[in-house]
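Read through the structure below, which is laid out as structure tokens, and then see the notes.
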Amino acid sequence: VIEARRDPNRSFYERPAAVREWAAKRELEPPERSLLALLGPVLPGLRMLDIGVGAGRTTAHFAPRVREYTGVDYSRPLIAACQARFGGRPGWTFRHGDARSMPFLPDAGFDLVLFSVNGLDCLDHRGRLAALAEVARVCRPEGLFFFSSHNLDAVRLALSVRRLARDLRATRAPGRFALSLGRRVPPQLLARLANPPAGSLVARDWAWISQGWPPGSACGTYHAKPGEVDRQVRAAGFTLERVFLPSGAEVGYRESLGRAQDLWLNYLCRRAAAAPGRA
Ligand SMILES: C[S@@+](CC[C@H](N)C(=O)[O-])C[C@H]1O[C@@H](n2cnc3c(N)ncnc32)[C@H](O)[C@@H]1O
């Protein structure tokens, strides 16, 4: 309980409203569809780990196609939702656990690890590096790791008043305009107040962006530049192979390093081969 109180993101995902919200989501995101298409014929041979599985949105699409499927989440109510929906199917396992330390999972036990919809960004810098090291431990040599992460290069856009004004102008019906105004403006103002100016944030390699006021009281998310993501995954023992936009389209790796203005990017990484003489 103490740990949950200290971690506002985790508490956020333990609320009944979070369970309702994530249980209502059923479709794959376009980059996840690109991953499915890319893996195609090899899927039936894979042992898959789905970290931050939520209420099982991705389970429904991946688990029936792979050899073995394990879902992990640090929110007990979300894992309970997965168990209620999918429990009892042979080869499908759900575990309550934290990506930073998963001692219940074997070394090199998975061919494919997924951490979707910026789940990794719930963690602070130290936690993120611990989670990457833990993913590297459980992923077999040459196994794959697919995850999404907020793009710090796009933070100016995320906090931009001009973008907010454009979005609001796009809602033409007066009722919808008022609704959008109520929903979008207070969080946008709070986010601006809770964070250093966007100009100083974009000068950094990574930053913690608080979503509310006072800073630290509500959810925050880690944002990183693609070059920093590349460095982090390399330090953990992966090679960054492909980058996907939210549309599902692949973006040239060089182009993603500094030019992509999408709010989040999806990264496909491969674990290094085993050192000669090692299993
Ligand atoms: C944005 S939600 C996405 C849920 C699900 N992957 C989906 O796309 O439907 C992020 C999920 O990551 C989980 N999560 C965040 N940090 C985690 C951690 N350190 N260990 C395990 N799960 C974590 C949250 O509880 C939440 O379910």
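Each value in this text was obtained by applying a stated rule to the coordinates, not by laboratory testing. These numbers were taken from a predicted model, which means no experiment stands behind them. Quick reminder, even Gly has a Cβ in these numbers, built from the backbone with ideal geometry, and neighbours come from all protein chains shown.
In table form, for the structure just shown:
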{"read-out": "Matching residues, the range 134-149, being in contact with a Lys or Arg (Cβ under 9 Å, 6 or more places away or on another chain) and away from the ligand (no atom under 12 Å from the Cβ)", "value": "136, 139, 140, 141, 142, 143, 144, 145"}
{"read-out": "Residue match in the range 96-113 (condition: crowded, with 16+ Cβ neighbours inside 10 Å, within 15 Å of the ligand (Cβ to nearest atom) and under 15 Å from residue 60 (Cβ atoms))", "value": "no"}
{"read-out": "Residue match in the range 15-23 (condition: more than 10 Å from the ligand (Cβ to nearest atom) and surrounded by 15 or more Cβ atoms within 10 Å (Cβ to Cβ))", "value": "no"}
{"read-out": "Residue tally, condition more than 11 Å from the ligand (Cβ to nearest atom) and surrounded by fewer than 21 Cβ atoms within 10 Å (Cβ to Cβ), over the range 48-65", "value": "2"}
